[in-house]
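Asks: Before we start, here is the structure in question, set down as C-alpha cells.
Values in this text are rule-based calculations from the coordinates and carry no lab data. Because the structure is a prediction, the values reported are computed rather than measured. Glycine also receives a Cβ, built like all others from the backbone with ideal geometry; neighbour counts cover every protein chain displayed.
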Amino acid sequence: MSYKIVCTDIDGTLLNKDRELSEMTIKEVQRIAPIPFVLISSRMPAAMRHLQQEFKNTSTPLIAYNGGLVLDNDKVLHSTVICNSVLENTIEKCEGTSIHLSLYHNDEWYVPSMDYWAKREQNNTKVTPEVLSNKEVLTKWKNEEKGAHKIMCMGEEEEIEVLYNSLEKEFSDEIMLYRSKPTYIEISHSAISKKTAIEMLLEQNYPHLEMENVMAFGDNYNDIEMLKAVGLGVAVSNANNEVLAVANKVTDTNKNDGVAKVIKELF
C-alpha cells in the first residue's frame, strides 16, 4: 500500500522528553514533503502552528480539539462546538471546588486566573491564555453565538473523579469525556473524533485518497478509533496497552524518535 498522507498525535507521540520536536523528526518530515504531514491533537490551533513552522509546512491543514475543528490555513473546513447549556452546567458543578476550567474556541483560550494549571498548560503549549471568568466567557459566547470546542477541567484527582461521573451521567449523549491524566478531563462534542476529522479532511481536500492511504500515529485512548480506521495505524511503544493492542505496527517511544523512525523506514 502506498501511503499518501501522514497524520500524527502530538503529546506523548510526536514530541520528545522536552516537549519539543527533535532534529531527526524535523529532518524526516521535511524529507518526505510534499506528502502532507497533518497534526491531529486535542490542542488548540495556536499550540500547533509553531510546530508547523518548525517543519516548514504551514500550508498543511491541521486538526485541532480531537477533530472538533479542521482548518486549512485559516479556512474552517469543519467545526463542532459543545452546547452552551452543557458549559453552563459544568461551570455550576465546579463552583465550590478547586477545579480549574479552561475554555477554548478556535484560537481563543480563556482561564479564570493564571493559577498553577494555567501556567502549566502555558508552559506545555507555548500559548498564553486570556484571563476572564468562566461566567463572563459563557455570556460572551452566548452573545456571539459561539460555543466551546473544548472544555479542559483540571484539579485534584478526587474532585475530577466526582465531576467526571456527574457529567457522564447527565450528558453522555452530548459530550465525549476523556481522562488524559487522573487530574484532567478533556471535554468535546460527542459527534466528533480524530477518525471523523480525517474522513472530513479527505473528502474536502484530498478526494482522490481513501482512509487506506493514511498512516497515523498515536499513544492514547482518543487515538484508538483513528488507528483502527486508517491504512496503517502506528503506536509509539509508550502508548497505553489498549492502543498497542489495536495498532498495526509499534515503533519506538516518543522520547526516542518513534515517529521519525517509521517515516525513515517506510518512505
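Asks: For ASN240 and GLU144, what is the calculated FRET efficiency with R₀ set at 30 Å and r taken between the beta-carbons, to the nearest 0.05?
Replies: According to the calculation, E is roughly 0.20.
Asks: What is the order of ASP74, ASP9, ASP257, fewest Cβ neighbours within 10 Å to most?
Replies: Taking fewest neighbouring Cβ atoms as first place, the list is ASP74, ASP257, ASP9.
Asks: Place a +1 charge on the Cβ of each Lys and Arg in the chain and a -1 charge on the Cβ of each Asp and Glu, then give the dipole magnitude about the Cα centre in debye, rounded to the nearest 20. It would help to have the intermediate numbers written out before the result.
Replies: Working: 28 positive and 41 negative charges, 177 e Å.
Roughly 860 debye for the chain.
Asks: Rounded to the nearest 20 Debye, what is the dipole magnitude of region 51-123 about its Cα centre when Lys and Arg each give +1 and Asp and Glu each give -1 at the C-beta?
Replies: So the magnitude is around 200 debye.
Asks: Given charges of +1 on the Cβ of Lys and Arg and -1 on the Cβ of Asp and Glu, with all other atoms neutral, how large is the dipole of region 84-189 about its Cα centre, in debye to the nearest 20? Walk me through the numbers before you get to the answer.
Replies: Values: 12 positive and 21 negative charges, 68 e Å.
Once rounded to the nearest 20, the dipole reads 320 debye.
Asks: If you stretched the chain out fully between ASP252 and GLU210, how much longer would it get, using 0.36 nm times the residue separation minus the C-alpha to C-alpha distance?
Replies: Full-extension gain reported as 12.4 nm.
Asks: Here is a follow-up. May I ask you to derive the FRET efficiency for LYS181 and GLU54 from their Cβ-Cβ distance with R0 = 22 Å, giving the value to the nearest 0.05? Mind showing how you got there, number by number?
Replies: Values: r = 26 Å, r/R0 = 1.16.
Computed FRET efficiency for LYS181 and GLU54 comes out at 0.30.
Asks: When TRP109, TRP141 are ordered from fewest to most other Cβ atoms inside 10 Å of their Cβ, what list results?
Replies: Ranking TRP109, TRP141 by Cβ neighbours within 10 Å, fewest first, gives TRP141, TRP109.
Asks: If you don't mind, there's one more thing I want to ask. What 222 nm value per residue comes from the helices of the chain, counting each DSSP H run with n ≥ 4 as -39,500 (n - 2.57) and dividing by all residues, nearest 500 deg cm²/dmol?
Replies: -11000 deg cm²/dmol
Asks: Pairs of Cα atoms under 8 Å, at least six residues apart: use those to get the relative contact order of the chain, whole percent.
Replies: Relative contact order, the chain: 22 percent.
Asks: Which GluC sites (Glu not before Pro) in region 35-137 sit in a loop by DSSP (not H, G, I, E or B) and have at most 14 other Cβ atoms within 10 Å of their own Cβ?
Replies: Counting only loop positions with at most 14 other Cβ atoms within 10 Å, the GluC sites (Glu not before Pro) in region 35-137 are GLU95.
Asks: Hey, which lysines would be in cross-link range of LYS142, C-alpha to C-alpha under 21 Å, not counting anything within fewer than 8 residues on its own chain?
Replies: Excluding near neighbours in sequence, the set is LYS93, LYS150.
Asks: While we're on this one: Please give the length that would be gained between LYS27 and SER85 if that part of the chain were fully extended, namely 0.36 nm times their separation in residues minus their C-alpha to C-alpha distance (nm, one decimal).
Replies: Gain on extension, LYS27 to SER85, equals 16.3 nm.
Asks: Further question: Ranked by Cβ crowding within 10 angstrom, fewest neighbours first, how are CYS94, CYS7 ordered? Spell out each step's value before the answer.
Replies: Details: CYS94 19, CYS7 25.
So the residues, fewest neighbours to most, are CYS94, CYS7.
Asks: The list (i) 14.0; (ii) 13.2; (iii) 17.0 gives values of mean projected area of the Cα convex hull in nm², and only one came from this structure; which label was calculated from it?
Replies: Of the labelled values, this structure produces (ii).
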